[in-house]
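Take a look at the structure below.
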Amino acid sequence: FDEYFGGSQDNGTWKSKTGETASAASEYVFNIGGDGFEVIWHNTNDNLMIGGYQGNGFMRSTNRGLSWVSATSGLTGTHPFISKLANSRNLPDRIFALSSDGVFVSNNFGMNWSLTPITEKWGQGSLMDVDVSLADEDIVWAGLGMTSELNLHVSTNGGASFNIANNY
């Protein structure tokens with residue numbers, strides 16, 4: 001089935017009905033409260049979903065959205081209002097999120113997180129972003145901007161460490 005799952009700022013996170021092909025006329029089901037932002041639906045296990053609300057308030061489902069549990073174990077620091085998630089189709093269990101402390105990685109689809117600290121030219125704000133290369137799942141980009149105080153950072157080892165991409 002073509003089912004959809006997505007966040008909507010000010011309106012929470014919604015999913016089309018399970019087992020039905022979604023269309024513009026479909027009825028969607030409310031799943032997670034707060035400001036809905038990025039979501040990830042595991043691409044090899046359709047029971048696994050993660051989404052959230054502002055400030056890295058992530059929630060995880062193991063039954064295709066029928067129930068949800070908190071997915072914030074290990075997250076620290078000041079979290080951006082606009083919660084960001086990223087993963088690779090080749091490694092769907094490994095997901096990334098951000099905070100003022102650096103980049104978080106979960107290798108078990110959000111059950112717990114570990115921090116890769118970034119202290120040099122790293123900032124915190126609502127426009128922070130993290131993304132995984134489409135060409136190589138071990139290349140991860142993260143940051144808030146490129147100024148004299150901030151830089152983009154890149155990992156070439158799956159988020160184990162990050163380096164400044166270039167000095168402004």
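The values are calculated or read from the model by the stated rules, or taken from the named source; none is laboratory data. All figures in this text were calculated on a predicted structure; none of them were measured in a lab. Please note: Cβ atoms are built from the backbone with ideal geometry, for glycine as well, and neighbour counts cover all protein chains shown. Just so you know, the surface numbers come from the protein's heavy atoms only, side chains and all, with ligands and any DNA or RNA stripped out. Shrake-Rupley method; radii C 1.70, N 1.55, O 1.52, S 1.80 Å.
Worth pointing out:
- Tallying residues that are open to solvent by 10 Å² or more (accessible area, probe 1.4 Å) and within 16 Å of Phe37 (Cα to Cα) within region 86-103 yields 1.
- Within region 27-38, residues that are within 15 Å of Glu3 (Cβ to Cβ) sit with their Cβ atoms under 8 Å from residues that are assigned to a loop (DSSP other than H, G, I, E, B) and among the basic types (Lys, Arg), at 6+ positions apart or across chains, in these pairs: Glu27/Lys17; Tyr28/Lys17; Val29/Lys17.
- Residues satisfying the stated conditions in region 1-43, i.e. open to solvent by less than 30 Å² (accessible area, probe 1.4 Å) and acidic (Asp, Glu): Glu3, Asp35
- Residues satisfying the stated conditions in region 74-127, i.e. in contact with a Phe, Trp or Tyr (Cβ under 9 Å, 6 or more places away or on another chain) and among the hydroxyl-bearing types (Ser, Thr, Tyr): Thr76, Ser83, Ser100, Ser106, Ser114, Thr116, Ser126
- Within region 118-150, restricting attention to residues that are of a type in the set (S, T, N, Q) and under 15 Å from Ser99 (Cα atoms), the residue that is most open to solvent (accessible area, probe 1.4 Å) is Thr119.
- Out of Met146, Met111, sole residue that is out of contact with any Gly (no Cβ under 9 Å at 6 or more places or on another chain) and touching a residue at least 24 places away in the same chain (Cβ under 8 Å): Met111
- Sole residue being of a type in the set (Asp, Glu) and either closer than 22 Å to Ile118 by Cβ or modelled with pLDDT of 95 or more (or both), chosen from Asp2, Asp93, Asp35: Asp93
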